[in-house]
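Only one structure is covered here, and it is reproduced in the block below.
Rule-based calculations on the coordinates, nothing more; no lab input. A quick note: this is a predicted structure, and the numbers were derived from the prediction, not measured. So basically every Cβ, Gly included, is an ideal-geometry build from the backbone, and we count neighbours across all protein chains shown.
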Amino acid sequence: MADYDSFSFQKIPQKVLSVSELNRLARDVLQASFPLNWVSGEVSNFTRAASGHWYFSLKDAGAQVRCVMFKGRNSYTDFTPREGDKIEARATVTLYEARGDFQLTVESIRQAGLGDLFEKFEQLKRQLQQEGLFEAARKQAIPAHAKTIGIVTSPDAAALRDVLTTLNRRNPNIKVIIYPTPVQGKSAAATIASTINNANARQEVDTLIICRGGGSIEDLWQFNEEIVARAIANCTIPTISGVGHETDFTICDFVADSRAATPTAAAELACQDMGHLKQKLSNIAQQLNRQIVLNLNQQSQRLDFLAQRLISPAQKLKNQMGNVKQLQSRLNYATKQVLNKHQQHFNQLKSSVAQLSPEAVLSRGYAIVSVDNKPLTHSQQTHIGQALNIQLHHGKVEANVTKN
């Protein structure tokens, strides 16, 4: 610890100080010399100001000290200290300058003795974590549709009523088996562990809820005992820990297959909400119905399309008869065209033949001279006095050769 006298005199300037300056210097020395620390004592003279700040004293057999805990800090505590309570306060040492009062500014408080419990809690937590009892790989999935749910708790606990009410509201068809056990007291941990082992041996439930309501760390301590942690770890039935309130954590929470913030949340986690399932089923049915109607409409439209393409035998025969008629008409037309073409060619040939025929030549003034029905083509084929037959276009004449 520092030498306060020498430290103080080094800081104090060599002049006459006002009271405010003196108190300010004393405050600075105190705040610089004392770190944030835990101080234990008995609460006395506790008052809550209109501002929400707490003012009280901590005392023991030999001394007392004034304390202030401002609203911004005391709103985070889970209990309000009362006259005579033994607590531990985490505080800084300071001086209230206006009155020159030595006091503690408290950051947080806890009930006396909790430091030892927290240490035991952290020690067991580290041990079990090193053994792998918290590993996600060893945890079982909680059945989505459990038929039977077991509850390990006190029959008189409010937590049991909350769980039963929630289970009945969400799914009244679920069977519930209660494994009664005290959840508070010196020997409760061994009884809780024995009850969990018994439920595991009977294997008559799908999910096992281990629960109790909220309370102080001492109230919940039975669920921080190693014997309970081992029983949960060895349980082959999927387990849900619903111990305390949202801000409460126990060793049971870390070992169980699933942790719920409250007993009611544990019940919600253990079973499906039938109302939600019915709504989900209704939505699926509506989607299925819409899909069926859509498919029917599409298939109906496809049927209409195929029906338009489908031709009955009578219609097909009629169409084929129509095709035959079209082919016949086309054949007749083609035949006529061919005949006309041949007729034209024939007429051309006929005209050419007619123009080249002997009669046509004779009609132009030519004649055919023959002897014994043999046409003459050269004058040397005749002699003087020879009789000739001359064929004209109209009629014949006879003549004699007079000159050759």
Would you mind calculating the gained length between Tyr366 and Phe102 on full extension (0.36 nm times residue separation, minus the Cα-Cα distance), in nm to one decimal? 78.1 nm
Pairs over 27 Å Cα to Cα, from Lys15/Lys59; Lys139/Lys278; Lys318/Lys341; Lys15/Lys71; Lys86/Lys120, come to Lys15/Lys59; Lys139/Lys278; Lys318/Lys341; Lys15/Lys71
For the chain, what does the helix formula give at 222 nm: sum of -39500 (n - 2.57) over DSSP H segments with n ≥ 4, over the residue count, nearest 500 deg cm²/dmol? -14500 deg cm²/dmol
Sort the following peptides by mean Cβ neighbour count (other Cβ atoms within 10 Å, averaged over residues), highest first: 17-30, 296-309. 17-30, 296-309
Between Val39 and Thr165, what is 0.36 nm times their sequence separation minus the Cα-Cα distance? Round to one decimal in nm. 40.9 nm
About its Cα centre, what dipole magnitude does the chain give when the only charges are +1 on Lys and Arg Cβ and -1 on Asp and Glu Cβ, stated in debye to the nearest 20? 3980 debye
If the viscosity is 1.002 mPa s and the temperature 20 °C, what Stokes-Einstein diffusion coefficient in µm²/s follows for the stretch 4-112 when Rh is the Kirkwood radius over Cα pairs? 143 µm²/s
Expressed as a whole number of Å, what is the distance separating the alpha-carbon centroids of the stretch 137-168 and the stretch 25-87? 42 Å
Charges on Cβ only, +1 for Lys and Arg, -1 for Asp and Glu, centred on the Cα centroid of the chain; of Val163, Gly365, Ala354, which one is farthest towards the dipole's positive end? Gly365
One finds the C-alpha centres of the stretch 303-347 and the stretch 180-259 to be spaced, in Å, by 94 Å
With the stretch 360-400 reduced to its Cα atoms and the Debye formula applied, log10 I(q)/I(0) at q = 0.16 1/Å amounts to -0.39
Order these by the 10 Å Cβ neighbour count, fewest first: Trp38, Trp54. Trp38, Trp54
For all pairs of alpha-carbon atoms in the stretch 49-109, what percent lies in each bin of width 10 Å, listed from the first bin to the last filled one? 20, 57, 22, 1
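What is the Å³ per residue value for the convex hull set by the Cα atoms of the chain?
Looking at the chain, the number lands at 600 Å³ per residue.
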I'd like the antiparallel share, as a percent to the nearest 5, of DSSP beta bridges with both residues in the chain. 65 percent
The stretch 217-310: spread of alpha-carbon positions along the three principal axes, whole Å, largest first, is 85, 24, 17
Quick check of the Kirkwood formula: for the stretch 299-404, what is the inverse mean of 1/r over all pairs of different Cα atoms, in Å? 20.7 Å
How long is the stretch 161-264 along each principal axis, judged by its Cα atoms, biggest number first, in Å? 36, 30, 21
Under a cut-off of 21 Å between alpha-carbon atoms, report the lysines in cross-link reach of Lys316, not counting same-chain residues fewer than 8 places apart. Lys325
Where nothing but the Cβ of Lys and Arg (+1) and of Asp and Glu (-1) is charged, how large is the charge dipole of the stretch 116-272 around its Cα centre, in debye to the nearest 20? 560 debye
